[in-house]
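Colleague: Okay, here's the structure, questions in a sec.
Each value in this text was obtained by applying a stated rule to the coordinates, not by laboratory testing. None of the values given here were measured: they were computed from a predicted structure. Neighbour counts are summed over all protein chains in view; Cβ atoms, including those assigned to glycine, are modelled from backbone coordinates with ideal geometry.
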């Protein structure tokens with residue numbers, strides 16, 4: 001089931017006058033198959049929709065915001081990005097807890113090409 005499909009904007013920081021934007025699609029595999037236990041029941045597909053300060057990845061800046069807004073556990077999200085809207089290449093973010101600053105958890109993100117089984121699972125939602 002698709003939870004969100006549209007433009008998602010980060011709030012502009014105090015030194016920027018515009019918010020960065022992405023076309024974001026958030027969907028939950030488990031809503032259609034509650035009898036199946038999914039390792040990553042939620043997927044996020046993000047494509048940069050406007051130019052701005054984020055030239056490549058939005059996971060570092062957007063991941064925490066999206067997970068907070070949609071009440072998602074970052075460890076159970078398949079995060080997929082298309083860095084260049086003109087290319088079909090998809091990359092998957094692997095979030096690893098890196099440090100804690102007060103109540104905030106900071107993640108280190110590694111990137112890898114999407115695997116065939118992951119692509120097959122999200123294909124109906126593309």
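Colleague: By DSSP, what percent of the beta bridges with both residues in segment 71-126 are antiparallel, rounded to the nearest 5?
Modeller: 100
Colleague: If we count other beta carbons within 10 Å of each Cβ, what is the order of 89, 118, fewest first?
Modeller: Least crowded to most crowded, the residues run 89, 118.
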